[in-house]
Amino acid sequence: SKVIKLRGVTGEGRALLDVVTTDMGMALAEAELAIAVIPAYGQRTLAAACAPYLKPEQPLVLSPGYVGGALEFKQMLKVHGCRGTMVAETSAFPFACRKEGEDRVWIRGIKKGILLAAADSADSAAIVKQMDQLWPGSFTAAHSVLESSLNEINPVIHPPLVICNLGLFE
């Protein structure tokens, strides 16, 4: 097991991770819900790695989905022989946070009102219900992936911040 030290809006403490692994089969074996926090360019590779292990009753949520990620992810699962799995995306990551070291995280805030849409929109409400067990009130079912995608704020917020801070980055 691995310990992560936390500080922020909920105080200070430690999170004990039961399993830390690069073995996708082991990672997904006991999971009732999988949440993938990965850049858009890694989603296809992740779909290929997950396909042999995901079960139809085991939703996978891309957080965030990066503009239609759930649709592409579901398509890539089909390409790799995995059918029937619920795939969803969020319009934002639930935490405003920053890594402070190898084993430390600063959580500045927990977001509310994040849109969540399943590739098959009929599944959205059920997945929001599961996500509410982790972060009550943080997620709202979107009407479709189009709604969650068009409300994705990363492409709007991050480029101006980078451009205005180019001197710091150099």
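Can you tell me which residue among Ser124, Ser149 is under 11 Å from Glu89 (Cβ atoms) and free of Cβ contacts under 8 Å to residues at least 40 places away in the same chain? Before the answer, list the steps.
Numbers: Ser149 fails: free of Cβ contacts under 8 Å to residues at least 40 places away in the same chain.
The unique qualifying residue is Ser124.
Return the only residue of Asp132, Asp120 being over 16 Å from the mean Cα position of the chain (by Cα) and over 18 Å from Tyr53 (Cβ atoms).
Details: Asp132 fails: over 16 Å from the mean Cα position of the chain (by Cα).
Among Asp132, Asp120, only Asp120 is over 16 Å from the mean Cα position of the chain (by Cα) and over 18 Å from Tyr53 (Cβ atoms).
Being within 30 Å of Arg7 (Cβ to Cβ) and under 12 Å from the mean Cα position of the chain (by Cα) narrows it down to one residue among Ala96, Ala36; which is it? Spell out how you get there, then give the answer.
Values: Ala96 fails: under 12 Å from the mean Cα position of the chain (by Cα).
Result of the check over Ala96, Ala36: Ala36.
Quick check on Gly109: is it surrounded by fewer than 23 Cβ atoms within 10 Å (Cβ to Cβ) and either more than 14 Å from the chain's Cα centre (by Cα) or not acidic (Asp, Glu) (or both)?
For Gly109, the condition - surrounded by fewer than 23 Cβ atoms within 10 Å (Cβ to Cβ) and either more than 14 Å from the chain's Cα centre (by Cα) or not acidic (Asp, Glu) (or both) - is met.
Restricting to the stretch 122-143, count the residues that are surrounded by fewer than 17 Cβ atoms within 10 Å (Cβ to Cβ) and either over 21 Å from Met86 (Cβ atoms) or small (Gly, Ala, Ser) (or both).
Qualifying residue count, the stretch 122-143: 4.
Condition test on Val19, is it at pLDDT below 95, surrounded by fewer than 16 Cβ atoms within 10 Å (Cβ to Cβ), part of a loop (DSSP other than H, G, I, E, B) and among the β-branched types (Val, Ile, Thr)? So that I can check it myself, show each step before the final result.
Working: at pLDDT below 95: yes; surrounded by fewer than 16 Cβ atoms within 10 Å (Cβ to Cβ): yes; part of a loop (DSSP other than H, G, I, E, B): yes; among the β-branched types (Val, Ile, Thr): yes.
So Val19 passes the test.
Show me the strands (runs of 3 or more DSSP E) entirely contained within the stretch 100-170 in which 2 or more residues are touching a Phe, Trp or Tyr at 6+ places or on another chain (Cβ under 9 Å) and within 17 Å of Leu71 (Cβ to Cβ). Full working, then the answer.
Working: elements: 104-110, 114-118, 139-141.
By residue number, 114-118.
The values are calculated or read from the model by the stated rules, or taken from the named source; none is laboratory data. Bear in mind the structure is a predicted one, so any value in this text is a computation, not a measurement. All Cβ positions, glycine included, derive from the backbone under ideal geometry; neighbour counts span all protein chains shown.
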